[in-house]
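Written out below as C-alpha coordinates is the structure these notes cover.
The values are calculated or read from the model by the stated rules, or taken from the named source; none is laboratory data. In this text, all values refer to a predicted model and were calculated from it rather than measured experimentally. A quick note on method: Cβ atoms are made from the backbone with ideal geometry, for glycine too, and the neighbour counts reach across all protein chains shown.
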Amino acid sequence: MELQTMTALELSKKIRQRQVKVADGVKEVFDQIEKKEGKVHAYLDLYKKDALARAKEVEKGIMDGTYTGPLAGVPIAVKDNICIKGKKTTCASKILENFVPQYNAEVIDRLEKAGMIVIGKTNMDEFAMGSTTETSAYGVTRNPWDLEHVPGGSSGGSCAAVAAGEAFMALGSDTGGSIRQPSSFCGVTGIKPTYGTVSRYGLVAYASSLDQIGPVGKDVADCAALLEVIAGHDPKDSTSLDRKDLDFSKSIEEKKLLGMKFGVPKEFLAKGLDPEVKDAFMETLKVLTSQGAIVEFFSVETMEYMIPAYYIIASAEASSNLERFDGVKYGYRAAEYEGLHDMYKKTRTEGFGEEVKRRIMLGSFVLSSGYYDAYYLKALRTKALIKQEFDRAFDKYDVILAPAAPYTAPKIGESLKDPLAMYLGDIYTVAVNLCGLPGITVPCGQDKAGMPIGIQMIGNCFGEHKILRAAAAYEAE
Ligand code: GLN
(Lines give C-alpha, C1' and ligand atoms only; values in the text may rest on other atoms or scores of the structure.)
Protein backbone atom coordinates (compact mmCIF):
# COMPACT_ATOMS: atom_id res chain seq x y z
CA MET A 1 0.00 0.00 0.00
CA GLU A 2 1.39 3.37 -0.97
CA LEU A 3 1.80 5.85 1.85
CA GLN A 4 -0.12 8.51 -0.02
CA THR A 5 -3.32 6.49 -0.15
CA MET A 6 -3.27 5.71 3.55
CA THR A 7 -5.41 7.48 6.09
CA ALA A 8 -3.66 8.96 9.11
CA LEU A 9 -4.79 6.05 11.30
CA GLU A 10 -3.45 3.53 8.79
CA LEU A 11 -0.13 5.35 8.57
CA SER A 12 0.28 5.44 12.34
CA LYS A 13 -0.61 1.78 12.64
CA LYS A 14 2.06 0.82 10.09
CA ILE A 15 4.54 2.99 11.96
CA ARG A 16 3.72 1.39 15.29
CA GLN A 17 4.02 -2.06 13.68
CA ARG A 18 7.51 -0.96 12.53
CA GLN A 19 6.58 -1.41 8.85
CA VAL A 20 7.02 2.27 8.04
CA LYS A 21 9.42 4.82 9.51
CA VAL A 22 8.05 8.06 10.94
CA ALA A 23 10.40 9.95 8.62
CA ASP A 24 8.87 8.19 5.58
CA GLY A 25 5.47 9.70 6.32
CA VAL A 26 7.03 13.14 6.67
CA LYS A 27 9.04 12.72 3.46
CA GLU A 28 5.95 11.54 1.60
CA VAL A 29 4.11 14.70 2.58
CA PHE A 30 7.01 16.93 1.53
CA ASP A 31 7.29 15.07 -1.80
CA GLN A 32 3.65 15.91 -2.49
CA ILE A 33 4.26 19.49 -1.38
CA GLU A 34 7.18 19.74 -3.78
CA LYS A 35 4.99 18.48 -6.61
CA LYS A 36 1.80 20.42 -5.94
CA GLU A 37 2.37 23.39 -3.69
CA GLY A 38 3.55 25.65 -6.52
CA LYS A 39 0.05 25.43 -7.94
CA VAL A 40 -2.14 24.94 -4.86
CA HIS A 41 -0.45 27.32 -2.37
CA ALA A 42 -2.05 25.70 0.68
CA TYR A 43 0.77 26.74 3.03
CA LEU A 44 2.14 30.01 4.37
CA ASP A 45 5.10 28.40 6.11
CA LEU A 46 6.74 24.96 6.04
CA TYR A 47 9.01 23.33 8.63
CA LYS A 48 10.75 20.56 6.72
CA LYS A 49 13.97 20.53 8.74
CA ASP A 50 12.17 20.69 12.10
CA ALA A 51 9.70 18.03 10.99
CA LEU A 52 12.46 15.59 10.00
CA ALA A 53 14.28 16.21 13.29
CA ARG A 54 11.04 15.71 15.21
CA ALA A 55 10.40 12.50 13.22
CA LYS A 56 13.57 11.00 14.74
CA GLU A 57 12.44 12.00 18.22
CA VAL A 58 8.99 10.52 17.67
CA GLU A 59 10.48 7.32 16.23
CA LYS A 60 12.42 6.91 19.47
CA GLY A 61 9.37 7.82 21.52
CA ILE A 62 7.31 5.14 19.80
CA MET A 63 10.04 2.54 20.41
CA ASP A 64 10.35 3.37 24.11
CA GLY A 65 6.61 3.59 24.72
CA THR A 66 6.33 7.37 25.17
CA TYR A 67 3.92 7.64 22.25
CA THR A 68 1.35 4.88 22.06
CA GLY A 69 -1.68 6.74 20.67
CA PRO A 70 -3.39 5.95 17.35
CA LEU A 71 -2.01 9.05 15.61
CA ALA A 72 1.60 8.79 16.78
CA GLY A 73 4.00 9.64 13.97
CA VAL A 74 1.42 11.38 11.77
CA PRO A 75 2.37 14.64 10.05
CA ILE A 76 -0.22 17.39 10.44
CA ALA A 77 -0.78 20.91 9.05
CA VAL A 78 -2.03 23.76 11.24
CA LYS A 79 -4.10 26.81 10.28
CA ASP A 80 -2.12 30.01 10.64
CA ASN A 81 -4.33 31.50 13.36
CA ILE A 82 -3.11 28.90 15.88
CA CYS A 83 0.01 29.89 17.83
CA ILE A 84 3.15 27.79 17.75
CA LYS A 85 6.02 28.90 19.94
CA GLY A 86 8.82 30.40 17.88
CA LYS A 87 6.92 30.14 14.57
CA LYS A 88 5.36 32.99 12.65
CA THR A 89 1.60 33.20 13.18
CA THR A 90 0.20 35.71 10.69
CA CYS A 91 -3.55 34.97 10.43
CA ALA A 92 -2.84 35.68 6.74
CA SER A 93 -2.72 39.38 7.63
CA LYS A 94 -0.07 41.96 6.90
CA ILE A 95 -0.55 43.34 10.40
CA LEU A 96 0.91 40.14 11.87
CA GLU A 97 3.51 39.55 9.15
CA ASN A 98 6.34 39.20 11.67
CA PHE A 99 4.47 38.04 14.76
CA VAL A 100 6.19 35.14 16.52
CA PRO A 101 4.32 33.83 19.59
CA GLN A 102 6.15 33.02 22.81
CA TYR A 103 3.90 30.10 23.59
CA ASN A 104 2.02 27.17 22.10
CA ALA A 105 -1.72 27.02 21.72
CA GLU A 106 -3.16 24.28 23.95
CA VAL A 107 -3.99 22.17 20.87
CA ILE A 108 -0.34 22.25 19.76
CA ASP A 109 0.80 20.87 23.13
CA ARG A 110 -1.79 18.14 22.75
CA LEU A 111 -0.59 17.24 19.24
CA GLU A 112 2.92 16.94 20.60
CA LYS A 113 1.85 14.75 23.49
CA ALA A 114 0.15 12.48 20.95
CA GLY A 115 3.43 12.13 19.05
CA MET A 116 2.26 14.05 16.00
CA ILE A 117 4.47 16.18 13.77
CA VAL A 118 3.51 19.70 12.73
CA ILE A 119 4.74 20.28 9.18
CA GLY A 120 3.64 23.85 8.51
CA LYS A 121 1.06 26.61 8.69
CA THR A 122 -1.82 26.79 6.24
CA ASN A 123 -3.30 29.73 4.36
CA MET A 124 -6.67 31.18 5.35
CA ASP A 125 -8.90 34.19 4.91
CA GLU A 126 -7.42 37.14 6.80
CA PHE A 127 -8.29 36.67 10.49
CA ALA A 128 -10.65 33.86 9.34
CA MET A 129 -13.04 36.38 7.80
CA GLY A 130 -14.23 35.06 4.48
CA SER A 131 -15.50 32.01 2.65
CA THR A 132 -12.93 31.54 -0.11
CA THR A 133 -9.36 32.02 1.26
CA GLU A 134 -9.12 34.94 -1.17
CA THR A 135 -8.90 37.60 1.56
CA SER A 136 -5.46 36.30 2.61
CA ALA A 137 -2.78 38.99 2.37
CA TYR A 138 -0.44 36.32 0.99
CA GLY A 139 -2.25 35.15 -2.13
CA VAL A 140 -5.13 32.76 -2.76
CA THR A 141 -5.13 29.01 -2.25
CA ARG A 142 -6.41 27.02 -5.21
CA ASN A 143 -8.76 24.07 -5.06
CA PRO A 144 -6.76 20.89 -5.85
CA TRP A 145 -9.79 19.45 -7.73
CA ASP A 146 -9.70 22.33 -10.20
CA LEU A 147 -7.13 25.09 -9.83
CA GLU A 148 -9.49 27.71 -11.30
CA HIS A 149 -11.73 27.34 -8.26
CA VAL A 150 -11.43 28.47 -4.64
CA PRO A 151 -10.98 25.87 -1.87
CA GLY A 152 -13.61 27.61 0.28
CA GLY A 153 -12.79 29.33 3.52
CA SER A 154 -11.67 30.40 5.84
CA SER A 155 -9.77 27.13 6.51
CA GLY A 156 -9.16 26.77 2.76
CA GLY A 157 -5.44 26.07 3.15
CA SER A 158 -6.02 23.23 5.63
CA CYS A 159 -8.70 21.57 3.48
CA ALA A 160 -6.73 22.01 0.24
CA ALA A 161 -3.61 20.56 1.88
CA VAL A 162 -5.48 17.39 2.90
CA ALA A 163 -7.26 17.12 -0.46
CA ALA A 164 -3.96 17.45 -2.34
CA GLY A 165 -2.18 14.86 -0.18
CA GLU A 166 0.09 17.65 1.07
CA ALA A 167 -0.92 16.64 4.61
CA PHE A 168 -2.47 13.55 6.16
CA MET A 169 -4.64 15.75 8.34
CA ALA A 170 -4.97 19.35 9.46
CA LEU A 171 -6.40 21.69 12.08
CA GLY A 172 -8.84 24.37 11.05
CA SER A 173 -11.06 26.79 12.93
CA ASP A 174 -14.78 27.35 12.52
CA THR A 175 -16.61 30.54 13.52
CA GLY A 176 -19.44 30.40 11.02
CA GLY A 177 -18.63 27.40 8.83
CA SER A 178 -14.93 27.72 8.13
CA ILE A 179 -14.21 24.02 8.58
CA ARG A 180 -17.44 22.57 7.21
CA GLN A 181 -17.75 24.67 4.05
CA PRO A 182 -14.17 24.28 2.72
CA SER A 183 -14.35 20.57 3.59
CA SER A 184 -17.36 20.37 1.30
CA PHE A 185 -15.60 22.32 -1.49
CA CYS A 186 -12.44 20.17 -1.23
CA GLY A 187 -14.07 16.76 -0.79
CA VAL A 188 -12.61 16.11 2.67
CA THR A 189 -14.15 15.56 6.11
CA GLY A 190 -14.18 18.22 8.83
CA ILE A 191 -15.73 18.69 12.26
CA LYS A 192 -16.78 21.76 14.19
CA PRO A 193 -17.02 20.53 17.81
CA THR A 194 -19.52 21.61 20.48
CA TYR A 195 -18.45 25.04 21.76
CA GLY A 196 -16.04 24.60 24.66
CA THR A 197 -14.89 21.10 23.71
CA VAL A 198 -11.53 22.21 22.29
CA SER A 199 -9.48 24.88 24.06
CA ARG A 200 -9.24 28.25 22.31
CA TYR A 201 -6.07 29.13 24.22
CA GLY A 202 -3.60 30.32 21.59
CA LEU A 203 -6.18 30.58 18.82
CA VAL A 204 -6.15 34.17 17.58
CA ALA A 205 -9.70 35.31 18.32
CA TYR A 206 -12.12 36.32 15.58
CA ALA A 207 -15.49 36.04 17.39
CA SER A 208 -14.77 34.45 20.75
CA SER A 209 -18.29 33.22 21.47
CA LEU A 210 -18.38 31.31 18.17
CA ASP A 211 -14.78 30.17 17.45
CA GLN A 212 -13.84 26.50 17.76
CA ILE A 213 -10.78 24.64 16.50
CA GLY A 214 -11.54 21.34 14.78
CA PRO A 215 -10.08 18.49 12.72
CA VAL A 216 -9.90 18.15 8.93
CA GLY A 217 -9.10 14.69 7.57
CA LYS A 218 -9.46 12.12 4.84
CA ASP A 219 -12.31 10.30 6.56
CA VAL A 220 -14.56 10.21 9.61
CA ALA A 221 -12.35 7.87 11.65
CA ASP A 222 -9.32 10.14 11.20
CA CYS A 223 -11.33 13.17 12.30
CA ALA A 224 -12.71 11.35 15.35
CA ALA A 225 -9.21 10.30 16.39
CA LEU A 226 -7.83 13.81 15.96
CA LEU A 227 -10.75 15.32 17.87
CA GLU A 228 -9.94 12.93 20.70
CA VAL A 229 -6.37 14.25 20.73
CA ILE A 230 -7.26 17.94 20.85
CA ALA A 231 -10.41 17.88 23.01
CA GLY A 232 -10.37 18.22 26.77
CA HIS A 233 -10.63 20.66 29.62
CA ASP A 234 -8.11 23.49 29.72
CA PRO A 235 -8.05 25.87 32.71
CA LYS A 236 -6.38 28.49 30.48
CA ASP A 237 -9.64 28.91 28.53
CA SER A 238 -12.50 30.12 30.71
CA THR A 239 -15.07 28.72 28.26
CA SER A 240 -13.48 25.27 28.19
CA LEU A 241 -15.77 22.43 29.26
CA ASP A 242 -14.90 19.50 31.47
CA ARG A 243 -16.50 16.75 29.39
CA LYS A 244 -16.16 13.13 30.32
CA ASP A 245 -17.38 11.71 27.01
CA LEU A 246 -14.32 12.27 24.85
CA ASP A 247 -13.94 8.74 23.47
CA PHE A 248 -15.00 9.84 20.00
CA SER A 249 -13.34 6.97 18.14
CA LYS A 250 -15.48 4.51 20.03
CA SER A 251 -18.70 6.05 18.76
CA ILE A 252 -17.92 5.04 15.19
CA GLU A 253 -17.20 1.40 15.90
CA GLU A 254 -20.87 0.70 15.53
CA LYS A 255 -21.70 1.81 12.00
CA LYS A 256 -25.46 1.49 12.34
CA LEU A 257 -28.17 3.86 11.25
CA LEU A 258 -31.11 1.65 12.11
CA GLY A 259 -33.67 3.62 14.06
CA MET A 260 -31.72 6.89 14.03
CA LYS A 261 -33.97 9.89 13.43
CA PHE A 262 -32.84 12.60 11.03
CA GLY A 263 -34.57 15.96 10.58
CA VAL A 264 -34.21 18.10 7.47
CA PRO A 265 -35.20 21.79 7.62
CA LYS A 266 -37.57 22.23 4.65
CA GLU A 267 -36.58 25.86 4.16
CA PHE A 268 -32.96 24.82 3.61
CA LEU A 269 -33.97 23.14 0.36
CA ALA A 270 -35.96 26.05 -1.05
CA LYS A 271 -34.62 28.98 -3.02
CA GLY A 272 -30.93 29.62 -3.43
CA LEU A 273 -29.81 25.99 -3.37
CA ASP A 274 -28.03 24.85 -6.54
CA PRO A 275 -30.04 22.03 -8.18
CA GLU A 276 -27.04 19.72 -8.46
CA VAL A 277 -26.22 20.17 -4.78
CA LYS A 278 -29.88 19.52 -3.98
CA ASP A 279 -29.85 16.32 -6.05
CA ALA A 280 -26.77 15.03 -4.24
CA PHE A 281 -28.42 15.92 -0.91
CA MET A 282 -31.65 14.08 -1.79
CA GLU A 283 -29.63 11.05 -2.94
CA THR A 284 -27.96 11.00 0.47
CA LEU A 285 -31.35 10.98 2.19
CA LYS A 286 -32.23 7.88 0.15
CA VAL A 287 -29.05 6.12 1.22
CA LEU A 288 -29.78 6.92 4.86
CA THR A 289 -33.34 5.61 4.66
CA SER A 290 -32.21 2.48 2.85
CA GLN A 291 -29.95 1.78 5.83
CA GLY A 292 -32.87 1.94 8.23
CA ALA A 293 -32.75 5.58 9.27
CA ILE A 294 -35.89 7.65 9.64
CA VAL A 295 -35.76 10.92 7.73
CA GLU A 296 -38.37 13.65 8.25
CA PHE A 297 -38.77 17.22 7.09
CA PHE A 298 -39.52 20.04 9.51
CA SER A 299 -39.87 23.77 9.36
CA VAL A 300 -37.36 26.37 10.63
CA GLU A 301 -38.97 29.75 11.05
CA THR A 302 -35.81 31.65 11.95
CA MET A 303 -33.89 30.89 8.77
CA GLU A 304 -33.99 34.42 7.40
CA TYR A 305 -32.51 35.80 10.62
CA MET A 306 -29.52 33.47 10.79
CA ILE A 307 -27.19 35.40 8.49
CA PRO A 308 -27.99 38.87 9.90
CA ALA A 309 -27.67 37.68 13.52
CA TYR A 310 -24.39 35.93 12.77
CA TYR A 311 -22.79 38.82 10.89
CA ILE A 312 -23.81 41.33 13.56
CA ILE A 313 -22.53 39.24 16.47
CA ALA A 314 -19.37 38.05 14.69
CA SER A 315 -18.47 41.56 13.51
CA ALA A 316 -19.18 43.07 16.94
CA GLU A 317 -16.85 40.59 18.63
CA ALA A 318 -14.27 40.97 15.86
CA SER A 319 -14.17 44.74 16.20
CA SER A 320 -13.48 44.34 19.90
CA ASN A 321 -10.95 41.50 19.51
CA LEU A 322 -9.01 43.26 16.76
CA GLU A 323 -8.56 46.42 18.82
CA ARG A 324 -5.33 44.95 20.14
CA PHE A 325 -3.62 45.24 16.75
CA ASP A 326 -2.56 48.85 17.15
CA GLY A 327 1.08 48.92 16.09
CA VAL A 328 2.26 48.89 19.69
CA LYS A 329 1.92 45.37 21.00
CA TYR A 330 2.00 43.21 17.90
CA GLY A 331 3.42 42.96 14.44
CA TYR A 332 3.29 45.67 11.85
CA ARG A 333 3.67 49.41 12.50
CA ALA A 334 3.41 52.10 9.82
CA ALA A 335 6.80 53.49 8.85
CA GLU A 336 5.82 57.17 8.95
CA TYR A 337 3.33 58.93 11.20
CA GLU A 338 2.83 62.02 13.30
CA GLY A 339 1.88 61.28 16.87
CA LEU A 340 0.05 58.38 18.53
CA HIS A 341 -3.33 58.61 16.84
CA ASP A 342 -1.83 58.97 13.41
CA MET A 343 0.31 55.89 14.16
CA TYR A 344 -2.78 53.83 15.08
CA LYS A 345 -4.62 55.04 12.03
CA LYS A 346 -1.88 54.46 9.50
CA THR A 347 -0.87 51.12 11.01
CA ARG A 348 -4.42 49.78 10.86
CA THR A 349 -5.13 51.31 7.46
CA GLU A 350 -2.04 49.71 5.98
CA GLY A 351 -2.07 46.50 8.03
CA PHE A 352 -5.66 45.26 7.60
CA GLY A 353 -7.26 44.16 4.35
CA GLU A 354 -10.59 45.36 2.99
CA GLU A 355 -12.81 42.59 4.37
CA VAL A 356 -11.37 42.92 7.87
CA LYS A 357 -11.90 46.68 7.81
CA ARG A 358 -15.46 46.20 6.64
CA ARG A 359 -16.16 43.95 9.65
CA ILE A 360 -14.43 46.27 12.12
CA MET A 361 -16.57 49.16 10.88
CA LEU A 362 -19.78 47.14 10.98
CA GLY A 363 -18.92 45.79 14.43
CA SER A 364 -18.04 49.19 15.88
CA PHE A 365 -21.27 50.57 14.45
CA VAL A 366 -23.56 47.94 15.98
CA LEU A 367 -21.81 48.30 19.35
CA SER A 368 -21.94 52.11 19.40
CA SER A 369 -24.21 53.59 22.07
CA GLY A 370 -26.87 54.84 19.66
CA TYR A 371 -27.28 51.51 17.86
CA TYR A 372 -26.41 48.88 20.48
CA ASP A 373 -30.04 48.11 21.37
CA ALA A 374 -31.30 48.26 17.82
CA TYR A 375 -28.70 45.91 16.35
CA TYR A 376 -26.41 44.10 18.76
CA LEU A 377 -28.98 43.34 21.47
CA LYS A 378 -31.55 42.41 18.87
CA ALA A 379 -29.05 40.02 17.29
CA LEU A 380 -28.46 38.39 20.69
CA ARG A 381 -32.21 37.96 21.19
CA THR A 382 -32.50 36.50 17.71
CA LYS A 383 -29.72 34.07 18.53
CA ALA A 384 -31.74 32.90 21.55
CA LEU A 385 -34.76 32.31 19.31
CA ILE A 386 -32.68 30.30 16.84
CA LYS A 387 -31.34 28.21 19.71
CA GLN A 388 -34.87 27.52 20.95
CA GLU A 389 -35.83 26.31 17.51
CA PHE A 390 -32.90 23.90 17.39
CA ASP A 391 -33.69 22.73 20.94
CA ARG A 392 -37.21 21.86 19.83
CA ALA A 393 -35.88 20.03 16.78
CA PHE A 394 -33.51 17.97 18.90
CA ASP A 395 -36.43 16.88 21.07
CA LYS A 396 -37.52 14.98 17.97
CA TYR A 397 -34.36 14.18 16.02
CA ASP A 398 -30.94 12.70 16.72
CA VAL A 399 -29.27 14.54 13.87
CA ILE A 400 -30.21 17.47 11.64
CA LEU A 401 -29.14 17.24 8.01
CA ALA A 402 -28.27 20.22 5.86
CA PRO A 403 -26.18 21.00 2.83
CA ALA A 404 -22.78 22.43 3.80
CA ALA A 405 -23.07 25.21 1.23
CA PRO A 406 -25.64 26.27 -1.39
CA TYR A 407 -23.22 25.61 -4.26
CA THR A 408 -19.92 23.91 -5.11
CA ALA A 409 -16.63 25.85 -5.07
CA PRO A 410 -16.95 29.09 -7.05
CA LYS A 411 -14.31 30.25 -9.49
CA ILE A 412 -11.47 32.38 -8.15
CA GLY A 413 -12.34 36.08 -8.38
CA GLU A 414 -16.12 35.60 -8.45
CA SER A 415 -17.02 35.95 -4.77
CA LEU A 416 -15.30 39.08 -3.49
CA LYS A 417 -17.02 41.29 -6.06
CA ASP A 418 -20.17 41.11 -3.96
CA PRO A 419 -19.41 40.53 -0.26
CA LEU A 420 -23.08 40.52 0.77
CA ALA A 421 -23.84 37.73 -1.69
CA MET A 422 -20.86 35.86 -0.30
CA TYR A 423 -22.23 36.23 3.25
CA LEU A 424 -25.47 34.57 2.11
CA GLY A 425 -23.46 31.50 1.12
CA ASP A 426 -22.95 30.81 4.85
CA ILE A 427 -26.66 30.18 5.37
CA TYR A 428 -26.34 26.47 6.25
CA THR A 429 -23.43 26.75 8.65
CA VAL A 430 -23.74 29.86 10.86
CA ALA A 431 -26.64 28.72 13.07
CA VAL A 432 -24.51 25.82 14.31
CA ASN A 433 -22.00 28.31 15.75
CA LEU A 434 -24.68 30.64 17.12
CA CYS A 435 -26.11 27.66 19.04
CA GLY A 436 -22.77 26.11 20.03
CA LEU A 437 -23.63 22.83 18.28
CA PRO A 438 -21.32 20.24 16.74
CA GLY A 439 -21.39 19.67 12.97
CA ILE A 440 -19.54 17.43 10.54
CA THR A 441 -19.21 17.64 6.76
CA VAL A 442 -18.72 14.41 4.79
CA PRO A 443 -18.40 14.13 1.01
CA CYS A 444 -21.66 13.03 -0.65
CA GLY A 445 -21.11 13.48 -4.37
CA GLN A 446 -19.87 15.67 -7.19
CA ASP A 447 -21.45 18.12 -9.59
CA LYS A 448 -21.31 17.68 -13.36
CA ALA A 449 -18.01 19.51 -13.53
CA GLY A 450 -16.58 17.02 -11.04
CA MET A 451 -16.40 19.41 -8.08
CA PRO A 452 -17.06 17.82 -4.67
CA ILE A 453 -20.28 18.24 -2.69
CA GLY A 454 -20.55 17.66 1.07
CA ILE A 455 -23.43 16.98 3.42
CA GLN A 456 -23.57 18.43 6.92
CA MET A 457 -24.73 16.45 9.92
CA ILE A 458 -25.56 18.61 12.93
CA GLY A 459 -25.87 17.31 16.48
CA ASN A 460 -27.26 18.65 19.70
CA CYS A 461 -24.75 20.05 22.20
CA PHE A 462 -22.42 17.17 23.19
CA GLY A 463 -23.92 15.16 20.33
CA GLU A 464 -20.59 14.43 18.60
CA HIS A 465 -21.06 10.71 19.16
CA LYS A 466 -24.30 10.63 17.22
CA ILE A 467 -23.08 12.67 14.25
CA LEU A 468 -19.86 10.67 14.09
CA ARG A 469 -21.76 7.42 14.15
CA ALA A 470 -24.13 8.63 11.44
CA ALA A 471 -21.32 10.04 9.32
CA ALA A 472 -19.23 6.87 9.61
CA ALA A 473 -22.20 4.68 8.69
CA TYR A 474 -23.02 6.85 5.69
CA GLU A 475 -19.38 6.91 4.61
CA ALA A 476 -19.20 3.12 4.83
CA GLU A 477 -22.00 2.90 2.28
N1 GLN B 1 -17.58 32.83 6.20
C2 GLN B 1 -17.84 33.16 7.57
C3 GLN B 1 -17.29 34.52 7.90
O4 GLN B 1 -16.65 35.10 7.06
C5 GLN B 1 -17.29 32.11 8.49
C6 GLN B 1 -15.85 32.30 8.82
C7 GLN B 1 -15.34 31.35 9.85
O8 GLN B 1 -16.00 30.37 10.22
N9 GLN B 1 -14.17 31.66 10.34
O10 GLN B 1 -17.49 35.03 8.96
Can you name the residue in region 296-318 that is touching a residue at least 40 places away in the same chain (Cβ under 8 Å) and small (G, A, S) and is also nearest to the ligand (Cβ to nearest atom) among such residues? A314
Mind checking which helices (runs of 4 or more DSSP H) fall wholly inside region 377-477 and carry at least 2 residues that are more than 16 Å from the chain's Cα centre (by Cα) and without any contact (Cβ under 8 Å) to a residue 60 or more places away in the chain? 378-396, 419-424
Output the number of the condition that F352 fails; it satisfies all remaining conditions of (1) out of contact with any helix residue (DSSP H, G or I) (no Cβ under 7 Å at 6 or more places or on another chain); (2) within 28 Å of A405 (Cβ to Cβ). (1)
Output yes when any residue across region 270-282 is among the basic types (K, R), farther than 21 Å from I455 by Cα and not in a strand (DSSP E or B), and no when none is. no
Are any of the residues in region 256-275 within 30 Å of L401 (Cβ to Cβ), of a type in the set (D, E, K, R) and within 16 Å of the ligand (Cβ to nearest atom)? no
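Taking region 124-133 on its own, how many of its residues are assigned to a loop (DSSP other than H, G, I, E, B) and either of a type in the set (A, V, I, L, M, F, W, C) or more than 16 Å from the chain's Cα centre (by Cα) (or both)?
2
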Does K255 satisfy being part of a loop (DSSP other than H, G, I, E, B), in contact with a helix residue (DSSP H, G or I) (Cβ under 6 Å, 6 or more places away or on another chain) and at pLDDT below 95? yes
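Please specify each residue of region 184-207 satisfying the condition of being of a type outside the set (A, V, I, L, M, F, W, C) and more than 12 Å from the ligand (Cβ to nearest atom).
Residues satisfying the conditions are S184, G187, T189, P193, T194, Y195, G196, T197, S199, R200, Y201, G202.
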Confirm whether S93 is over 30 Å from K357 (Cα atoms) and among the small types (G, A, S). no
Scan region 141-153 residue by residue and report those that are part of a loop (DSSP other than H, G, I, E, B) and away from the ligand (no atom under 15 Å from the Cβ). R142, P144, W145, L147, E148
Looking for something more than 26 Å from S136 (Cα to Cα), surrounded by fewer than 16 Cβ atoms within 10 Å (Cβ to Cβ), acidic (D, E) and modelled with pLDDT of 95 or more - is there at least one such residue anywhere in region 373-393? yes
Return a yes/no flag: does region 300-319 have any residue that is closer than 23 Å to K88 by Cβ, surrounded by 12 or more Cβ atoms within 10 Å (Cβ to Cβ) and either among the β-branched types (V, I, T) or in contact with a Cys (Cβ under 7 Å, 6 or more places away or on another chain) (or both). no
Residues (at negative phi and either part of a loop (DSSP other than H, G, I, E, B) or within 13 Å of the ligand (Cβ to nearest atom) (or both)) located in region 154-170: S154, S155, G156, G157, S158, C159, A164, E166, A167, F168
Within region 225-251, of all residues that are farther than 20 Å from F394 by Cβ and either touching a Lys or Arg at 6+ places or on another chain (Cβ under 6 Å) or of a type in the set (F, W, Y) (or both), the one surrounded by the fewest Cβ atoms within 10 Å (Cβ to Cβ) is D237
Listed residues G272, G259, G263, G292; which is surrounded by fewer than 19 Cβ atoms within 10 Å (Cβ to Cβ) and closer than 29 Å to A207 by Cα? G272
Is it the case that some residue within region 409-422 is in contact with a Gly (Cβ under 7 Å, 6 or more places away or on another chain) and within 15 Å of the ligand (Cβ to nearest atom)? yes
State whether one or more residues within region 70-78 are assigned to a loop (DSSP other than H, G, I, E, B), among the β-branched types (V, I, T) and buried (at least 22 other Cβ atoms within 10 Å of the Cβ). yes
Collect the residues in region 208-224 that are in a loop (DSSP other than H, G, I, E, B), of a type outside the set (A, V, I, L, M) and within 13 Å of the ligand (Cβ to nearest atom), keeping them in residue-number order. S208, S209, D211
Close pairs from region 110-128: first within 16 Å of the ligand (Cβ to nearest atom), partner part of a helix (DSSP H, G or I), Cβ under 6 Å, at least 6 apart: T122/G157; T122/S158; T122/A161; N123/G157; M124/G157; E126/V356; F127/V356
